[in-house]
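Let me begin by presenting the structure, written as structure tokens, before commenting on it.
The values are calculated or read from the model by the stated rules, or taken from the named source; none is laboratory data. Worth saying up front: this structure is predicted, and the values here are computed from it rather than measured. Positions of Cβ are generated from backbone atoms using ideal geometry, with glycine treated the same way; all protein chains shown enter the neighbour counts. What goes into the accessible areas is simple: the full protein's heavy atoms, side chains included, and nothing from ligands, DNA or RNA. Shrake-Rupley method; radii C 1.70, N 1.55, O 1.52, S 1.80 Å.
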Amino acid sequence: MKKILDLISEEMQKGFEQAGYAGELGRVTLSNRPDLCEYQCNGAMAGAKQYKKAPLLIAQDVAAVLQESEVFSEVSAVAPGFLNLKVRESFLTAYIKEMRSSEKFGLEEPKEPKKVVIDYGGPNIAKPLHVGHLRSAVIGESVKRILRYCGHEVIGDIHLGDWGQPLGLVITELRERQPDLVYFDETYTGEYPKEAPFTIAELEEMYPTASKKSKEDAEYKARAMEVTFKMQSGVRGYRAVWEQILKVSIADLKKNYDRLNVEFDLWKGESDVHELIPDMVEAMKRDGYAHESEGALVVDVKEESDVKEVPPCMILKSDGAALYNTTDLATILDRMNNIHPDEMIYFTDKRQELYFEQVFRCARKTKLVKPETELIWIGFGTMNGKDGKPFKTRDGGVMRLEMLLQETIDEMYRKITENREMSHEEAAQTAQTIALSALKYGDLSNQASKDYIFDMERFTSFEGDTGPYILYTIVRIKSILAKYAEQGGKIEAAALSDTESESEKALVMQLTAFNAAMENACAEIAPHKVCAYIYDLANAFNRFYHETKILAEENEERKAGLIALLVLTRDVLEACIDVLGFSAPERM
Ligand code: ARG
């Protein structure tokens, strides 16, 4: 379906042409004075010079030919030459009728659907998820869903940190504690046990312990380097224990991401591209891109137009070890060979900006990607506490993601059981659903690059620009629809009809902006645009609701029209929260 503003602009263009002016002057926008009109056109102002005529006269000519328009109920020329517009109810009704019967409410398929890999989440094996991982997961998941909804082919890849020094440290610590484990007996040739010799809690405790020791004790550090080497070069027992760590850690990660309603298509990690590195490095040397610098192997990536220094991209350390860079480059190579994406989008903390600049430049220069392959990095800001500093636990520690989620669920549970009867089971389930909306909407409603303050009280409020407010609106609609059905009404058969009040028309106008809002969020990779859209939509709905008799309406046909409007509003809201990655309960 065409966008509503395009349809209105087309009508306005016809008006300009019929009045003897250039059609392209007829560009219509949403009114910035909603008290005066619904839409506006400033084309007469722009045309004044060209036609050497007062803008008001041009506007009057155009207004005159549009008096009988099927789109406009009002076209008025006002000084100094604006065209103030109101649209006909019948025009809007026809539009939302078509929305209701079209797939995805008339959102058009992209002219050129793209194949996109989204690299998000990025957790590290054997380390707990903390709040820093929340944003990547929440934003990446939403962008994946928005792009998919808009008709692109999207593959979400978690890109696990599963290969580097941290793993070596954990294995070292395990060996210190349980040196007799069969994994460390290099003469052993039998099968290794199925059960892991540790729990997730032990794993998570081992990494910080080992990391601390290696900083304080040079010998420990040397042992850890050796263990890392054994693991990476494939010494059987070390590789087998690494696999156990992966298994236990991934099971725990899956549980956590499940709770966040975040799902990855690919659970690939740094380790998966390990074997591609030697050939990739060889080719970079052979083609003259990589050269030695102070013992290390680097690719220069600075460009003449640089205003700040962009250091070379390091491919191998002086001891020959691969780096974070190297795995990212090899991952790009792997994706190009096996997935053939048109675009790769990465979501990480803002602080990795220079890093990705280097990696992307290196990938282009060394021709790992095609000239037309788009590499996009989106850096997000920090989630801060009320003190404006990175969010911490009450005692100043790093906040684990599951703790934050649990605290939000507890707060939501308290709120919904405060003055209402609800079984514990239902309340617990509902609290979880609403808590997710609070966390995700609180994050997504901000432009990704900005820092934001995690404010439990504000995020969990049922009023204002929050997830719970959106859900509350949806639940309100669902409860009216349920009552209508109880009274024998047929919801699906209810037909949309012309609006009869100003608030109802405002709601319909907001609905008609759906495709433009969604397309824009997709084009700009900006979930906050979906949030802004549904916040306006929820506000428009609630104003209409407070001013309108719905179930008490006596005229059955009119009542059915209102019900149909509710259905469409619910469906649009639910489609939007689905792309944001959360859902609404039946009651709350
Ligand atoms: N594992 C990394 C970290 O915790 C994030 C990975 C981001 N993605 C990437 N392709 N480098 O910092």
**Message:** Based only on Cα atoms, what mean projected area does the convex hull of region 122-230 have, in nm²?
**Reply:** 9.4
**Complete:** The correct ranking of D157, D180, D258, D300 by accessible area at 1.4 Å, largest first, is D180, D258, D300, D157
**Asked** Counting alpha carbon pairs within less than 8 Å and at least 6 residues apart, what relative contact order, in whole percent, applies to region 448-588?
**Response** 35
**Prompt:** Quick one: Kirkwood hydrodynamic radius for region 376-470, alpha-carbon pairs, angstrom, one decimal?
**Reply:** 14.1
**Request:** Would you mind calculating the gained length between F462 and A240 on full extension (0.36 nm times residue separation, minus the Cα-Cα distance), in nm to one decimal?
**Result:** 74.9 nm
**Request:** Pop out the Kirkwood hydrodynamic radius of region 61-120 from its pairwise C-alpha distances, inverse of mean 1/r, in Å to one decimal.
**Result:** 15.0
**Request:** Would you please put 345-354, 363-372 in order of how densely packed they are, using the mean number of other Cβ atoms within 10 angstrom per residue and starting with the highest?
**Result:** 345-354, 363-372
**Asked** Can you tell me the Rg and the Dmax, both Å, for the Cα atoms in the chain?
**Response** 29.3, 96
**Complete:** Restricted to the chain, the DSSP antiparallel beta bridge percent, nearest 5, is 50
**Prompt:** How many angstrom lie between the C-alpha centres of region 207-231 and region 55-108?
**Reply:** 71
**Asked** Cross-link list K268/K392; K114/K529; K3/K450; K115/K367; K144/K247: which exceed 23 angstrom alpha carbon to alpha carbon?
**Response** K268/K392; K3/K450; K144/K247
**Message:** So if each residue of separation counts as 0.36 nm, and I subtract the Cα-Cα distance between E292 and Y188, what length gain in nm does that give?
**Reply:** 33.4 nm
**Request:** Pull up the DSSP beta bridges for region 326-421 and report the antiparallel fraction as a percent, rounded to 5.
**Result:** 20
**Two-site FRET efficiency, E372 against E554, from Cβ-Cβ distance with R₀ of 45 Å, rounded to 0.05** = 0.15
**Rounded FRET efficiency, nearest 0.05, which uses the C-beta distance separating K365 from H340 and R0 of 25 Å** = 0.75
**With all protein chains modelled, accessible area of R400 [1.4 Å, Å²]** = 80
**Complete:** Kirkwood radius from Cα pairs of region 169-313 plugged into Stokes-Einstein at 4 °C, 1.567 mPa s, gives D in µm²/s equal to 70
**Request:** Specify the inter-centroid distance of region 508-547 and region 439-474, based on alpha-carbon positions, in whole Å.
**Result:** 15
**Message:** Through the Karplus equation 6.51 cos²θ - 1.76 cosθ + 1.60, θ set to phi - 60°, convert the phi angles of region 51-66 into ³J(HN,Hα) values in whole Hz; use x for Gly and Pro.
**Reply:** 9, 6, 9, 4, x, 5, 5, 4, 4, 5, 4, 5, 4, 4, 6, 9
**Asked** Under 14 Å from the Cα of K14, which aspartates and glutamates turn up, not counting those fewer than eight places away in the same chain?
**Response** D6, E24, D61, E68, E70
**Asked** Given only helices, namely DSSP H runs of n ≥ 4 each adding -39500 (n - 2.57), what is the per-residue ellipticity at 222 nm of the chain, to the nearest 500 deg cm²/dmol?
**Response** -17000 deg cm²/dmol
**Fill in**
Scalar couplings 3J(HN,Hα) for region 437-442 by Karplus 6.51 cos²θ - 1.76 cosθ + 1.60 (θ = phi - 60°), nearest whole Hz, x for Gly and Pro, are 5, 5, 5, 6, 5, x
**Relative packing of 8-21, 540-553, 401-414, which averages over residues the other C-beta atoms within 10 Å, highest first** = 8-21, 401-414, 540-553
**Request:** Work out, step by step, the length gained on full extension between V78 and K52: first 0.36 nm times the residue separation, then minus their alpha carbon distance; give nm to one decimal.
**Result:** 7.5 nm
**Message:** Limiting things to C-alpha atoms, what are the Rg and the maximum Cα-Cα separation (Dmax) for region 264-380, in angstroms?
**Reply:** 13.9, 41
**Request:** Roll a 1.4 Å probe over the protein chains and send me the accessible area per residue for the chain in Å².
**Result:** 47
**Prompt:** Can you tell me the Rg and the Dmax, both Å, for the Cα atoms in region 447-588?
**Reply:** 15.9, 51
**Complete:** The cysteines in the chain that find no other cysteine Cβ closer than 4.7 Å to their own Cβ are C37, C41, C531, C576
**Item:** Highest to lowest packing among 48-61, 263-276, 484-497, scored as the average C-beta count within 10 Å
**Value:** 263-276, 48-61, 484-497
**Prompt:** Check K392: other-chain or 5+ apart residues with amide H under 5 Å from its amide H, H built from backbone geometry?
**Reply:** G385
**Message:** Give me the one-decimal nm value for the distance between modelled label points at L36 and F229, 7 Å along each residue's Cα-to-Cβ direction.
**Reply:** 7.7
**Item:** Values of log10 I(q)/I(0), in the order q = 0.13, 0.19, 0.22 Å⁻¹, for region 464-539 under a Debye, Cα-only, solvent-free model
**Value:** -0.53, -0.99, -1.13
**Asked** Using the Karplus equation 6.51 cos²θ - 1.76 cosθ + 1.60 (θ = phi - 60°), what ³J(HN,Hα) coupling, rounded to whole Hz, does each residue of region 11-21 give in order, writing x for Gly and Pro?
**Response** 5, 5, 4, 4, x, 4, 5, 4, 7, x, 10
